[in-house]
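To keep things clear, I will list the structure first and then write my remarks on it.
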Amino acid sequence: MAEIKIAAETRTEFGKGAARRIRRDDKVPAVLYGSGAEPFHVTLPGHALMMALKNSNALLNIDLGDADHHLVIPKQVQRDPIRGFIEHADLLIVKKGQKVTVDIPVHLLGEAFPGSLVVQENTSIAVEAEATNIPDYTEVSIEGLKPGQQLHASDIPLPEGTELAIDPDLLIVNITSAPTDAELDAELDEAVAVAGDSTEATEPAADGDASEGEPAAESADKE
């Protein structure tokens, strides 16, 4: 994985007000920590960081000038829930040759046996890899797999130098039989029937159907 160089500035202002001012300038407050170093705060260009973190395991070279730079990988990224821009980033300082544990996507190749339904129970797996050689993803073939067959974490091929860091029995892919048209129609009829029963159960009583002895509702205009 190639390093992505990002120019940074040391951050000296803190608090919500300072963070808002940083974001107004299209910048992102961030913290760097790890490898025995004391955590320190920086400000990063928002657009450059957003583009770099399209890969969740990006290797960043944070350049503070005067030959002061740090290799980091993202550990926690906070995004605006509506607009999606990055609000804050925690970045882990790493060294060449250092092993780290990260999640990488699992991509499926090929087509299962006709009439099969492919259920990918987990779209990623945790692996241990060198910080400067984290794979972007791994691939596994489902070509010709039939209903009843499964792929577990131990069945997923890993790039050289990468080791599994998760339960090897974790289910990744489950091949089942695709439902028939008759089964789909039956499920639809059942869903419609349940919805109808629910509507009837919650339908308000008609005028005059109130239980005997039940007091009439007070007028909304009564003070």
What strands (runs of 3 or more DSSP E) completely inside region 83-154 contain at least 2 residues that are at pLDDT below 90?
86-93
Quick one: in region 48-72, of everything that is surrounded by 17 or more Cβ atoms within 10 Å (Cβ to Cβ) and small (Gly, Ala, Ser), which residue is nearest to LYS16 (Cα to Cα)?
ALA48
Among the numbered criteria (1) at pLDDT below 95; (2) surrounded by fewer than 16 Cβ atoms within 10 Å (Cβ to Cβ); (3) within 22 Å of the chain's Cα centre (by Cα), which one does GLU187 miss?
(3)
Count - residues of region 123-157 that are small (Gly, Ala, Ser) and out of contact with any strand residue (DSSP E or B) (no Cβ under 8 Å at 6 or more places or on another chain)
1
So which residues in region 73-107 are buried (at least 16 other Cβ atoms within 10 Å of the Cβ), over 21 Å from TYR137 (Cβ atoms) and of a type in the set (A, V, I, L, M, F, W, C)?
ILE86, ALA89, LEU91, ILE93
Could you list, ordered by first residue, the pairs with Cβ atoms under 7 Å in which the first is in region 67-82 and free of Cβ contacts under 8 Å to residues at least 12 places away in the same chain and the second is not in a strand (DSSP E or B), at least 6 apart or interchain?
ARG79/PHE85
Cβ-Cβ distance below 7 Å, separation of 6 or more or different chains: which pairs start in region 7-29 with a residue that is surrounded by fewer than 18 Cβ atoms within 10 Å (Cβ to Cβ) and end on one that is of a type in the set (S, T, N, Q)?
GLU9/THR43
Can ILE62 be described as out of contact with any Gly (no Cβ under 7 Å at 6 or more places or on another chain), closer than 28 Å to ALA126 by Cβ and assigned by TED's automatic domain parsing to the domain that holds TYR137?
no
Those residues of region 133-164 that are of a type in the set (A, V, I, L, M) and under 18 Å from VAL118 (Cα atoms) come to a total of 6
Of the criteria (1) charged (D, E, K, R); (2) over 30 Å from GLN149 (Cα atoms); (3) part of a loop (DSSP other than H, G, I, E, B), which one GLU38 fails
(3)
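The values are calculated or read from the model by the stated rules, or taken from the named source; none is laboratory data. Values in this document were obtained by computation on a predicted structure and should not be read as measured data. No Cβ is skipped: glycine too gets one built from the backbone with ideal geometry, and neighbour counts run over all protein chains shown.
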